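Read-outs throughout are calculated quantities, based only on the coordinates presented, and are distinct from any laboratory measurement. The structure displayed is predicted, hence computed values, not measured ones. All Cβ positions, even for glycine, are placed from backbone atoms using ideal geometry, and neighbour counts span all protein chains on display.
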Amino acid sequence: MIRAFANPHRFMALSRWLAPACLAVGALLMVWSAWQGLWVVPQDDYQGGDIMRAMFIHVPSAWLAMASYMGLAATSLIWFVWRHELADMAAKSIAPLGAAYTALCLATGSIWGKPTWGTWWLWDDARMMSVLVMFFLFLGYMALRAAMETRQKAARAGAILAMVGAVNVPLIKFSVDIWSSIHQDASVLRLDGPAMPPVYLTPLLIGGLAHMIFFAGLTMMLMRAEVWGRRGDVLIARKLSGS
Amino acid sequence: MLPVFEQNAGFIWTIYAIGAVVPAGLFVYALIRARMAKRRLDRLQAEREQG
């Protein structure tokens, strides 16, 4: 099945319409989620009043940050095992997007934390620090790739870093249970179901879905750019070799 | 009409502003990358056909 999806020609034909469709649907759902968060949902006095509206931006960005790192590790593993170039292109495309979403998560969490907890940042909070580590892993992945002489070396070094760094993702998820954290326990992804009324849960889940669809569209756009870039490199190589 | 918040309005609007700017910025970044790569490929293909 992976081989069927690893064909660049098939990918280019599919992503030509799927990428803009994902971007349009994702953007519309994001606007709907923001409208719900700002105008429709009632303030929750148990969660600090109106500031809980930050949840509709911060939580989807946190989900996306973790999901994008898992995507980076998974595509790196596929490249490492089967050497499918499209998987390497996907990993390379996911990295800057994941870094941006992790930065968004950190920034919005910090701004939410000031009025809620009275501080912008806590260096001994396990959740904050593990997300910060993930941000540096994304930056490290991009820096490592850029430092390599050839594309194969960049793919190999990046894949190893991405796969090793994946151990951080479950640490982020379970950090509030294992170590001390000012963050509350999980309230959506729980074994006994979400501990949140539907009036908040529905726009939150749709907001998360919106960002994921939008992220998929952006990833496909960058992968298309990568395919075009590599085809251009092939033409240059042929020109230089005289063939 | 903009909603009126009892408190922390500055924090809420800042979070939503960043939440809009980052995806929009990523879209512009991806669009520029894609267009530059396509233009470069088109130019190289044209050069190959001519020469």
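The residues listed here are A:LEU161, A:LEU201, A:LEU122; of these, the one that is in a loop (DSSP other than H, G, I, E, B) and either over 16 Å from the mean Cα position of the chain (by Cα) or within 14 Å of another protein chain (Cβ to nearest Cβ) (or both) is A:LEU122.
The listed residues are A:ASP124, A:ASP88, and the only one of them that is surrounded by fewer than 18 Cβ atoms within 10 Å (Cβ to Cβ), in contact with a Ser or Thr (Cβ under 9 Å, 6 or more places away or on another chain) and acidic (Asp, Glu) turns out to be A:ASP124.
Under the condition of being more than 7 Å from chain B (Cβ to nearest Cβ) and either within 30 Å of A:LEU64 (Cβ to Cβ) or touching a His at 6+ places or on another chain (Cβ under 9 Å) (or both), the residues counted in the stretch A:219-241 number 6.
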